[in-house]
1. I'm told Glu69 meets every condition in (1) part of a helix (DSSP H, G or I); (2) at pLDDT below 85 except one. Can you identify the failing condition by its number?
2. Collect the residues in region 202-241 that are in a strand (DSSP E or B) and among the charged types (D, E, K, R), keeping them in residue-number order.
3. Being part of a helix (DSSP H, G or I) and in contact (Cβ under 8 Å) with a residue 24 or more places away in the chain, is that true of even one residue in region 144-156?
4. Within region 165-177, does at least one residue satisfy the condition of being within 47 Å of the chain's Cα centre (by Cα), modelled with pLDDT of 90 or more, in a loop (DSSP other than H, G, I, E, B) and within 23 Å of Ala246 (Cα to Cα)?
5. Take Arg7 and decide whether it is loosely packed, with under 10 Cβ neighbours inside 10 Å and modelled with pLDDT under 80.
6. With respect to Val162, is the statement that it is assigned to a helix (DSSP H, G or I) and within 30 Å of Asn260 (Cα to Cα) true?
7. Does Gln437 count as closer than 30 Å to Phe300 by Cβ and modelled with pLDDT under 90?
Amino acid sequence: MPAQDGRWGRISEQRARQLQRQVQAKEERIVELETENAVLHLRLAQYRGMSGKGAGTAAQLCSQCPEQEPPRRSAALAAPQLWRHIQALKQDTEALRASSLEVFRACREHLQDGLSEVVVAVQRAPLCHEALLAWQSKAGRLERSLQEVSALYELERQKRKVLHNRLVELKGNVRVHCRIRPLLPSDEEFDGQASRDSSASAGVVHAVDDETVLVRWDRPAHRSIDKTYSFERVYGPAESQQEVFADVCPLLTSLLDGYNVCILAYGQTGCGKSYTMLGPLSKDERGDLGIVPRAAGELFRLISENPSRSLKVDVSTVEVYNNDILDLLAKERRPAVSGPLREAPMTKATKREVSPPTRVPVHSAEDFVALAAGSLQFRARLATSVHACSSRSHLIITATLTAAPAGGSPTDGQSLGPQLQGQPAGCRASPESPGAQRAGEQVHAKLQLVDLAGSECVGVSGVTGAALRETSFINRSLAALADVLGALAEHRDHIPYRNSQLTHFLQDVLGGDAKLLVILCVSPCRKHVAETLRCLGFGAQVRHVQRGPAGGGGAAARKPRNRSPR
Ligand code: ADP
Ligand code: MG
């Protein structure tokens, strides 16, 4: 049976190979396990080393903190303390809860209040809206009627301006008033009666009526004097400063209408020029206010009536002394003294004449008066035989009214005065006259208030030396004033303004349709009669001057009368 043997041989061969493979696999597994075993041995050795080190560290730590209690003991000790803390925390939490509740309640109440207010407001809103609409339409109606009234007012204002100017022109652009001062205790004729009744006929100069002055003196050994003069207004000795100003007041309306205005007091020393123009400016002096403070008050009153015109007022104060213009508001001024002592400052000041005088803005009548009064202490004074405190210079207080700069309401040409509306050059601020207009400014009008120096001649004042020179300058400048007024009366082509600083400085207000008021101040005394007659003669000459539309035939009608008393 060889075939069977061969089959059994193959089977056993296969079985051997199978067993061989199994042995090989077992051997590989053994090698793997041996390797793992070696690795584990290594790790064991490492852990053993590490545990040895840990035990050493623990022993070290224990040795470092020998005092520490075992944890269980310290926990037992800390427990009551912790319990107390917990109780305190519980209490705090409770309090916090309570106050939070309170705050919450308050907030809720506020919120409720606010909400109810909002509800009320919302309910009211439609009513308010209706009322607002009604008010808006009412305001619109009022605004329209205001515009109509404003237009009417402007129309009426223009008409009033024209009518007022016609009235002033009818009265005369140049007017002469005469004021007779009362007898004073220093006068020869003064007695008790005269002091009690200031209109008593103790003197030789009398106001016959409110337009006529009578000078009557029956002198036994000489020719009697019996002369009558007429002026636009004559004030007797009893007439007050208020009555004098009442006639000046309309000129300030003309000033606001844009006409230059000049008021000057003329007369011999001691006859009441300064009293009439200034009155007692300081609080120590007694008496009633003069034209300057009253005019300042009226000027600002008129300006405040129409604030939309934005007129500004600048004041300058100068004196014309020995034919020099001295700026009384200049910073480097010094108190004026008379006679030779005054020569030094005068030389310096003469140079100032080329530059315009200092102009100080004023915002109220009080500012105006304070400024004018302050500058007066620098005026030249001297005791003469007719007055213990005689002014040796012409004082000129100028108020310049300027309109707001271009773009402002007054530049529309309607509300500006004739100076800016192409009127004759005579009434404009002449650019070459001293103290004229600044570059770019719009001069609305100018008011010049002049307290002239005494007009008496040298013999009467009884002065000598430097004072004599002063008197001669005063006389020359007054003669130049008379010449200018004479030339204007005769309508001459050339008006000699430049013959004296006085007339040059007053150039703007002595021509064109500027308004000029000359107040002749006279003394009622016998001893002053010659000067009084000269003063009245000057006034009569000034009355010839008539300008503007009412001028035709005015001069003839205004010839001085020389008639007997009624
Ligand atoms: P002038 O300036 O002309 O030299 P004043 O004005 O100084 O003169 O006046 C001289 C004196 O006469 C002053 O004491 C003044 O108070 C007084 N006087 C002048 N006019 C009047 C008047 N109308 N009423 C009362 N006193 C007057
Ligand atoms: Mg005087």
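1. All conditions are met except number (1).
2. Quick first cut of region 202-241, residues in a strand (DSSP E or B) only: 205-209, 212-217, 225-230, 233-235.
Hits for region 202-241 are Asp209, Arg216, Asp226, Lys227, Arg233.
3. Step one: filter region 144-156 for residues part of a helix (DSSP H, G or I), giving 144-156.
In the following step, the residues that additionally are in contact (Cβ under 8 Å) with a residue 24 or more places away in the chain were identified as 154.
Within region 144-156, one or more residues are part of a helix (DSSP H, G or I) and in contact (Cβ under 8 Å) with a residue 24 or more places away in the chain.
4. No: zero hits.
5. Details: loosely packed, with under 10 Cβ neighbours inside 10 Å: no; modelled with pLDDT under 80: yes.
In short, no.
6. Working: assigned to a helix (DSSP H, G or I): yes; within 30 Å of Asn260 (Cα to Cα): yes.
Answer is yes for this residue.
7. Details: closer than 30 Å to Phe300 by Cβ: yes; modelled with pLDDT under 90: yes.
Considered against the rule, which asks whether it is closer than 30 Å to Phe300 by Cβ and modelled with pLDDT under 90, Gln437 comes out as yes.
For every residue, the table says whether it meets (1) within 16 Å of ligand 1 (Cβ to nearest atom); (2) open to solvent by 40 Å² or more (accessible area, probe 1.4 Å); (3) among the charged types (D, E, K, R).
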position: Lys227; (1), (2), (3): no, yes, yes
position: Gln241; (1), (2), (3): yes, no, no
position: Leu252; (1), (2), (3): no, no, no
position: Gly258; (1), (2), (3): no, no, no
position: Val261; (1), (2), (3): no, no, no
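The values are calculated or read from the model by the stated rules, or taken from the named source; none is laboratory data. What you see is a predicted model, and the numbers here were worked out from it, not measured in a lab. Counting neighbours? That spans all protein chains shown, and the Cβs are built from the backbone with ideal geometry, glycine included. Keep in mind that these areas ignore ligands, DNA and RNA; they rest on the heavy atoms of the full protein, side chains included. Shrake-Rupley method; radii C 1.70, N 1.55, O 1.52, S 1.80 Å.
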